[in-house]
Amino acid sequence: MREPSGTAMPASAPAAARPLLLVVDDELPVLKVVERLAAKTGFDVVTCASGADAMRTLMRKPADLAMVDLRMPDVNGLDLLRQIRSAVPGCEVILMTAYAAVDSAVEAIKLGAREYLTKPFDFERLRQVLESIRTEIERRAQIIALESQVARQVEFCGMIGRSPIMQEVFSLIQRLAPHAKVALISGETGTGKELAARAFHHAGARRQKPFVTVNCSAVVDTLFESELFGHVRGAFTGAVESKPGLFEAAQGGTLFLDEVGELPLTVQAKLLRALEGGEVQRVGSLQSKRVDVSVVAATNRDLRAEVAAGRFRGDLFYRLNVVEVVLPPLRDRREDIPYLTAAFIRDCAARTHKPLQSLTPAAERLLYSARWDGNVRELKNVIERACILADGTLLSERELSGAFGPERGEAAHAFRPASPGSRPRSATGAANGLAPLDEIERQHILEVLRQVNGNRMAAAKLLGISRRALYRRLERHHLTEEAPPAMTRRPL
C-alpha cells in the first residue's frame with residue numbers, strides 16, 4: 001500500500017493550533033501511511049498498535065480525532081469506539097476496515113462514528129475527510145471564542161442575555177434607573193433578581209453610594225424592625241448599645257429588600273411610612289431621622305395573590321409597584337443558554353486553572369432541553385460542578401448528567417440513522433455499496449426537514465439536537481441552499 005505521489009497538500013497549521021489525531025491499527029504500514037498523510041493535512045499524530053495502548057494514550061492526552069481499525073487482536077473496533085465515546089466525548093472517531101459490511105457501518109453510525117473507510121484507502125477521499133474534520137475543529141474553536149466574546153458583549157451589569165425578552169429588561173432598567181426611587185423586581189427563584197437590583201443601582205445616579213442587601217426570609221421576626229430601622233440602647237433586652245438600621249447604612253445609596261413578601265405585617269406598615277415620608281425611627285427612640293435611600297424590593301411570590309389573601313398590605317404593594325421589572329424564567333429564554341454557559345465556563349476555567357473551552361454537542365442538547373426549575377442559578381451550579389469533574393477541554397453529558405434526574409438525562413438523544421428504505425448511494429462508488437457517514441447524515445437531515453416543511457426548530461427536536469447544532473450541520477454539509485425553506489402561513 002503506497003501513498004500516491006504528487007498529491008497536493010495544504011500548508012501545515014501553526015504548531016500550537018494543530019489538532020491531535022490518534023491512529024489505532026495493528027498493521028505498521030497502515031500506521032505509517034496514515035501518519036504521513038495526516039501530518040501533511042495539518043494534524044499532530046500519535047499511533048498505537050492496540051486498543052489498550054490507545055485508551056492509555058487518550059487518558060494521558062485526549063485527542064480531537066481517532067482512526068480505529070475494526071478488527072484487531074485485542075479488541076473489536078466497535079468496542080473501542082464505545083470506550084472512546086464514553087471516556088473522551090469530544091473526540092471524533094473514524095472506523096477503518098478491510099472487511100466492510102452494512103451491519104458494521106450501521107452500528108458505527110449508531111455509536112457515533114464520524115466516517116467508515118475501507119482499505120485499501122482511496123487517498124484522495126481520506127485527505128478530503130481529514131481536511132473536512134480539521135476545518136470543522138478550527139471552526140468549532142472560532143465559534144467557542146465567538147460565543148465567549150458575545151457573552152461579554154451582551155452582558156449588562158453582570159446579567160447576560162441576547163434574547164429579545166432580556167434585551168427589553170436591560171432597556172427598561174436603563175431607562176428607569178436614573179429616575180425611579182422605588183422599584184419592584186419579580187421572578188422565579190434563581191432568575192437573577194439581586195443582579196437586576198444591582199443593575200438598577202449601577203445604572204442610576206447612586207452608583208458611587210452604598211448598596212445594602214437584606215434577605216427578609218433570613219431575619220428573625222422579632223428583629224425585623226431593629227434590622228431595618230435600628231434601635232437605641234436599652235430599647236429591648238440585649239440592646240446594650242445603640243445601632244443604626246439598614247436604612248441609615250444605605251444613606252444616599254440603595255437598599256435591596258430581597259424576598260420582601262416575607263416581611264411581617266407589623267413591619268410592613270412601618271416600611272410604608274418610611275417609603276412615603278423618607279424618615280425612619282429607631283426602636284425605642286421618640287425622634288425620627290430623615291434618610292435619602294432608593295429602595296428596590298424583590299419577590300418570587302405573586303404579591304397580588306398575597307394581598308388578596310391578607311398576607312401583604314395592599315397599600316405597600318402599590319407603593320413598591322410604581323415600577324415593576326419581571327424577570328423571565330430560563331425556559332422562556334433558552335437562546336441565552338449558550339452565552340450564559342460560555343461565561344460560566346470561562347469563569348470556572350479561570351478559577352480552577354483548567355483548559356476548559358466549551359461543551360460537546362450532546363452536552364449542549366442536554367442543557368438546552370433541561371427543565372431548569374432553578375433557572376440561571378441552577379445552570380451556573382451545574383456548570384461549576386461539571387467543570388470540577390472535567391479532565392479535558394470539553395464538558396460532556398457525562399459530567400453534566402449527575403446534576404439531573406433520569407427524565408432529564410433522556411433528553412440527549414443519539415443521532416438516528418436514515419431508515420433502511422432511504423439508504424443513500426455510495427459517494428465513493430465502492431463495490432460494497434456502503435455510503436460514507438457524512439452522506440447518510442446529510443440525507444437524513446434533508447428528509448427530516450422535508451417532513452417538517454423546513455421548520456428548523458421542529459427538525460432540531462426530531463433529530464435530538466439543538467437548533468444551533470442543526471445550523472452547524474447544514475453549513476458543514478453545504479445544505480444551506482438545498483434544504484427546504486420554512487413554510488409560513490399566509491394571512492386569511
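Is one or more of the residues making up region 430-444 at pLDDT 80 or above, open to solvent by less than 20 Å² (accessible area, probe 1.4 Å) and outside any loop (DSSP other than H, G, I, E, B)? Taking every residue of region 430-444 in turn, none turns out to be at pLDDT 80 or above, open to solvent by less than 20 Å² (accessible area, probe 1.4 Å) and outside any loop (DSSP other than H, G, I, E, B).
Would you check which residues across region 258-275 are of a type in the set (D, E, K, R) and in contact with a helix residue (DSSP H, G or I) (Cβ under 7 Å, 6 or more places away or on another chain) and list them? Once the filter is applied, which keeps residues that are of a type in the set (D, E, K, R) and in contact with a helix residue (DSSP H, G or I) (Cβ under 7 Å, 6 or more places away or on another chain), region 258-275 yields 258, 259, 262, 270.
Scanning region 302-312 for residues that are surrounded by fewer than 19 Cβ atoms within 10 Å (Cβ to Cβ) and under 28 Å from residue 195 (Cβ atoms) gives 302, 304, 305, 306, 307, 311.
Total residues in region 370-399 satisfying the condition of being surrounded by 15 or more Cβ atoms within 10 Å (Cβ to Cβ) and modelled with pLDDT under 85: the figure is 8. Being crowded, with 21+ Cβ neighbours inside 10 Å, farther than 22 Å from residue 475 by Cα and in contact with a strand residue (DSSP E or B) (Cβ under 6 Å, 6 or more places away or on another chain) is a property that does not hold for residue 90. Annotation for region 95-113: no member residue is within 30 Å of residue 192 (Cβ to Cβ), at pLDDT below 90 and in contact with a strand residue (DSSP E or B) (Cβ under 9 Å, 6 or more places away or on another chain).
Exactly one residue out of 39, 63 is part of a loop (DSSP other than H, G, I, E, B), out of contact with any Ser or Thr (no Cβ under 6 Å at 6 or more places or on another chain), open to solvent by less than 50 Å² (accessible area, probe 1.4 Å) and not charged (D, E, K, R): that is 63. Just so you know, in region 271-301 the residues that are in contact with a Gly (Cβ under 9 Å, 6 or more places away or on another chain) and exposed (fewer than 15 other Cβ atoms within 10 Å of the Cβ) include one that is nearest to residue 257 (Cα to Cα), and it is 301. The sole residue among 180, 151 that is in a helix (DSSP H, G or I) and open to solvent by less than 50 Å² (accessible area, probe 1.4 Å) is 151.
Exactly one residue among 373, 347 is in a helix (DSSP H, G or I) and free of Cβ contacts under 8 Å to residues at least 12 places away in the same chain, and that residue is 347. Can you confirm whether residue 73 is in contact with a strand residue (DSSP E or B) (Cβ under 9 Å, 6 or more places away or on another chain), in contact (Cβ under 8 Å) with a residue 40 or more places away in the chain and open to solvent by 60 Å² or more (accessible area, probe 1.4 Å)? Judged against the criteria, residue 73 is not a match.
Being farther than 20 Å from residue 157 by Cβ and without any contact (Cβ under 8 Å) to a residue 12 or more places away in the chain is a condition met by no residue of region 198-217.
Kindly establish whether residue 97 is open to solvent by 20 Å² or more (accessible area, probe 1.4 Å) and either over 27 Å from residue 389 (Cα atoms) or of a type in the set (S, T, N, Q) (or both). Judged against the criteria, residue 97 is not a match.
The values are calculated or read from the model by the stated rules, or taken from the named source; none is laboratory data. Everything numeric here is computed off the predicted structure, so don't read it as measured data. Note that each Cβ is placed from the backbone with ideal geometry, even for glycine, and that neighbours are counted across all protein chains shown. Side chains included, ligands, DNA and RNA excluded: accessible areas come from the protein's heavy atoms. Shrake-Rupley method; radii C 1.70, N 1.55, O 1.52, S 1.80 Å.
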